[in-house]
Amino acid sequence: AQRTKQWDPVQVKEQLLAKYPAKVARKRAKQILINEARENTTPEITANVRTIPGIITMRGCTYAGCKGVILGPTSDIVNLVHGPIGCSFYAWLTRRNQTSASGEHGENFMTYALSTDMQESDIIFGGEKKLAAAIQEAYDLFHPKSIAVFATCPVGLIGDDIHAVARTMKEKFGDCNVFAFSCEGYKGVSQSAGHHIANNQIFRHVVGTGKKQRSEQFRINLLGEYNIGGDGFEIDRILTKCGITNIATFSGNSTYDQFATANQADLSCVMCHRSINYVADMLETKYGIPWIKVNFIGAAATAKSLRKIGDYFQDAELSARIESVVAEELPSVEVQRQQVLPRTTGKTAMLFVGGSRAHHYQELFKELGMKTISAGYEFAHRDDYEGRHVIPGLKVDADSRNIEEIEVQPDPHLYHPRKSPEQLAQLQQDGMAFKEYDGLIADMDERTLVIDDLNQYEAEKLVELLKPDLFCAGIKEKYSIQKLGVPMKQLHSYDSGGPYAGFHGAVNFYREIDRLVNSRVWGYLKAPWQEHPELSATYVWE
Ligand code: CFM
Ligand code: HCA
């Protein structure tokens, strides 16, 4: 039976805030937005601000965003963590970023967790000597092209100069690019600051240093795709079939040399804007490579993104190939969709994930006839919510106050716009949107709730109040939600599933979601307030 229950978002918002002290409620109210009717304006939401101490946030730290998210998926850079061992151990292979390295392109260091294992004495007397020794040991063991050093919280507090150590070791080796990231966990309000730090350093130390001359046709960089559950493999399969050459993915299934030659692409295609927009902008400023927003989550979105790439190149043969790939791939996706549609239509979902998936995955739920009644990011900025159009007063990188900005000057010798300014202007006139995209808010229905930096308490309260058919978030939310009798799908690690990108990914997702929202097992589970009425005082809607 389909749920027809009406709910009042104003009341739900009040209920979410009711238990907070007045000051906390006032702050949280600005991060909970009721998506209301609007004419050509997008409502404002507060985002990328400090989590209120005491609240159990879903967020992670700056080190996680730098070492885990951006550099984690590159197979042939040795990642060395300068910090206590726990920082390494708890970040060891938790992200399901896959690689084809060792088969196709050589070295794979992703399975290692290298750390300086700082002790109390290093905190007191300084850890630079220990770091230099660890870099030497990593070099002797692996002879890698590159070693990247990541600082965790104590390093910043005691002031070890990791950049000086990296520079010295680089000069000593001569054949190994050693560079460091000041990505101490506390540096920003979330993972997001870590993306920025990672992007700056890859750009400064690696991009443009490659010797190899790329000469393939239709060269793109795929920015913000991390090959979780094999998503990147599926996207590459489709791109290759279309005759588009992906020369560098930042950073799913990537190698050092891909980053080093990324400056030779014709076009950058940005999947996850939040994590990599900095590289996209710097590639454009320094090398004249324009960027467009793409999304390969959802079958229709995949077809649309391929066509967008085709539109940029303006090549009749390429466009014809893209059309034939779409025509070949879509029908079998549609057969699967039609099979599950009667069972998924009308079901409701909530999505609270990272900085782009809470938006992108709404495409797949729409294809399933499901409604996203509440969604939000853990750490995205206002532009990810409100869109990147010209919004007066919107400061795009609010977290840059914490982070050293790198000056990027167009290099007259390297600046080769792949299209003339006239050609670019013509494309724009024909409707090609560079750098522009709609944010999460505009794509959601009215009277839905958009909530930034959702926390443990609010997640449980939301589920209790709105009883969604499915809740999507990460590992920290997984079991507390399931214990409430609601199926939970991890949209970070995909649990053990995936890929969900591209055409094959859409089919996988339809099957998985059908299975989850139609399983009867959840109905047998009793939520704490159902099993123990004495708990109801803390759970029930007063
Ligand atoms: Fe981009 Fe990501 Fe995401 Fe992200 Fe992440 Fe991730 Fe994510 Mo987890 S880069 S913002 S920092 S799409 S690790 S692959 S799933 S929170 S929504
Ligand atoms: C991170 C990585 C993470 C965590 C996922 C989760 C990922 O933020 O450090 O909480 O389940 O995708 O692996 O986002």
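Filter region 15-57 down to the residues that are surrounded by 13 or more Cβ atoms within 10 Å (Cβ to Cβ) and part of a helix (DSSP H, G or I) and list them by number.
15, 16, 17, 24, 25, 27, 28, 29
If residue 115 meets every condition in (1) in contact with a Leu (Cβ under 9 Å, 6 or more places away or on another chain); (2) within 16 Å of ligand 1 (Cβ to nearest atom) apart from one, which number is that one?
Condition not satisfied by residue 115: (2).
Is region 196-217 home to any residue that is at positive phi and either at pLDDT 95 or above or in a loop (DSSP other than H, G, I, E, B) (or both)?
yes
Within region 486-516, which residues are assigned to a helix (DSSP H, G or I), charged (D, E, K, R) and in contact (Cβ under 8 Å) with a residue 24 or more places away in the chain?
511, 514
Give just the number: which of (1) in contact with a strand residue (DSSP E or B) (Cβ under 7 Å, 6 or more places away or on another chain); (2) away from ligand 1 (no atom under 11 Å from the Cβ) does residue 42 not satisfy?
Status for residue 42: all satisfied but (1).
Of (1) surrounded by fewer than 21 Cβ atoms within 10 Å (Cβ to Cβ); (2) within 30 Å of residue 471 (Cα to Cα), residue 353 satisfies all except one. Which?
Among (1) surrounded by fewer than 21 Cβ atoms within 10 Å (Cβ to Cβ); (2) within 30 Å of residue 471 (Cα to Cα), the lone unmet condition for residue 353 is (1).
So, in region 82-112, how many residues would count as being among the small types (Gly, Ala, Ser), touching a residue at least 40 places away in the same chain (Cβ under 8 Å) and within 16 Å of ligand 1 (Cβ to nearest atom)?
Matching residues across region 82-112 total 0.
If I go through region 240-254 residue by residue, how many of them are under 18 Å from residue 297 (Cα atoms), in contact with a strand residue (DSSP E or B) (Cβ under 9 Å, 6 or more places away or on another chain) and either without any contact (Cβ under 8 Å) to a residue 24 or more places away in the chain or surrounded by fewer than 24 Cβ atoms within 10 Å (Cβ to Cβ) (or both)?
Residues flagged as under 18 Å from residue 297 (Cα atoms), in contact with a strand residue (DSSP E or B) (Cβ under 9 Å, 6 or more places away or on another chain) and either without any contact (Cβ under 8 Å) to a residue 24 or more places away in the chain or surrounded by fewer than 24 Cβ atoms within 10 Å (Cβ to Cβ) (or both) within region 240-254 amount to 2.
For residue 380, are the conditions met, namely being within 16 Å of ligand 1 (Cβ to nearest atom), in a loop (DSSP other than H, G, I, E, B) and buried (at least 22 other Cβ atoms within 10 Å of the Cβ)?
yes
Regarding residue 62, is this residue of a type in the set (Ser, Thr, Tyr) and within 16 Å of ligand 2 (Cβ to nearest atom)?
Yes; evaluated as a whole, the condition is true for this residue.
I'd like to check something: does region 414-428 contain any residue that is away from ligand 1 (no atom under 15 Å from the Cβ), farther than 30 Å from residue 266 by Cβ, at pLDDT below 90 and basic (Lys, Arg)?
No, because not a single residue in region 414-428 is away from ligand 1 (no atom under 15 Å from the Cβ), farther than 30 Å from residue 266 by Cβ, at pLDDT below 90 and basic (Lys, Arg).
Return the pair list, or none, for Cβ contacts closer than 9 Å from residues in region 35-60 that are among the acidic types (Asp, Glu) to residues that are within 16 Å of ligand 1 (Cβ to nearest atom), at least 6 apart or on different chains.
That search, which allows pairs on different chains as well, returns 44/382; 44/385.
How many residues, within region 344-377, are within 14 Å of ligand 2 (Cβ to nearest atom) and assigned to a helix (DSSP H, G or I)?
The qualifying residues number 4.
Do you know which of the residues in region 74-91 that are part of a loop (DSSP other than H, G, I, E, B) and within 16 Å of ligand 2 (Cβ to nearest atom) is nearest to residue 136 (Cα to Cα)?
Looking at the filtered set, the residue picked out is 83.
Listed residues 280, 265; which is more than 19 Å from the chain's Cα centre (by Cα) and either farther than 30 Å from residue 369 by Cβ or polar (S, T, N, Q) (or both)?
265
Please count how many residues of region 224-259 are more than 16 Å from ligand 2 (Cβ to nearest atom), assigned to a strand (DSSP E or B) and among the hydroxyl-bearing types (Ser, Thr, Tyr).
Counting residues in region 224-259 that are more than 16 Å from ligand 2 (Cβ to nearest atom), assigned to a strand (DSSP E or B) and among the hydroxyl-bearing types (Ser, Thr, Tyr) gives 3.
Of (1) in a loop (DSSP other than H, G, I, E, B); (2) within 11 Å of ligand 2 (Cβ to nearest atom); (3) touching a helix residue (DSSP H, G or I) at 6+ places or on another chain (Cβ under 7 Å), residue 94 satisfies all except one. Which?
So the condition that residue 94 fails would be (3).
Looking at region 260-280 only, could you name the residues that are away from ligand 1 (no atom under 16 Å from the Cβ) and in a helix (DSSP H, G or I)?
Answer for region 260-280, where residues must be away from ligand 1 (no atom under 16 Å from the Cβ) and in a helix (DSSP H, G or I): 260, 262, 263, 264.
Can you go through 224, 252, 229 and tell me which one is within 16 Å of ligand 1 (Cβ to nearest atom) and in contact with a Cys (Cβ under 7 Å, 6 or more places away or on another chain)?
Exactly one residue qualifies, and that residue is 224.
Which condition number in (1) touching a Leu at 6+ places or on another chain (Cβ under 9 Å); (2) at pLDDT 95 or above; (3) farther than 18 Å from residue 352 by Cα; (4) of a type outside the set (A, V, I, L, M, F, W, C) is the one that residue 528 fails?
Only one criterion in (1) touching a Leu at 6+ places or on another chain (Cβ under 9 Å); (2) at pLDDT 95 or above; (3) farther than 18 Å from residue 352 by Cα; (4) of a type outside the set (A, V, I, L, M, F, W, C) is unmet by residue 528, namely (2).
Scan region 110-129 for residues that are surrounded by 19 or more Cβ atoms within 10 Å (Cβ to Cβ) and in contact with a helix residue (DSSP H, G or I) (Cβ under 8 Å, 6 or more places away or on another chain) and jot them down.
Matches in region 110-129: 114, 115, 116, 118, 122, 127, 128.
Under the condition of being buried (at least 21 other Cβ atoms within 10 Å of the Cβ) and not in a helix (DSSP H, G or I), which residue from region 456-485 is farthest from ligand 2 (Cβ to nearest atom)?
Looking at the filtered set, the residue picked out is 469.
Can residue 155 be described as touching a residue at least 60 places away in the same chain (Cβ under 8 Å), of a type in the set (A, V, I, L, M), assigned to a loop (DSSP other than H, G, I, E, B) and farther than 18 Å from residue 406 by Cα?
Judged against the criteria, residue 155 is not a match.
Restricting the search to region 47-78, which residues are closer than 14 Å to residue 197 by Cβ and more than 9 Å from ligand 1 (Cβ to nearest atom)?
Within region 47-78, 61, 62, 63, 66, 67, 71 qualify.
The values are calculated or read from the model by the stated rules, or taken from the named source; none is laboratory data. Small disclaimer: the values here were computed from a predicted structure and weren't measured. Using ideal geometry, Cβ is built from the backbone for each residue, glycine included, and neighbour counts are taken over all protein chains shown.
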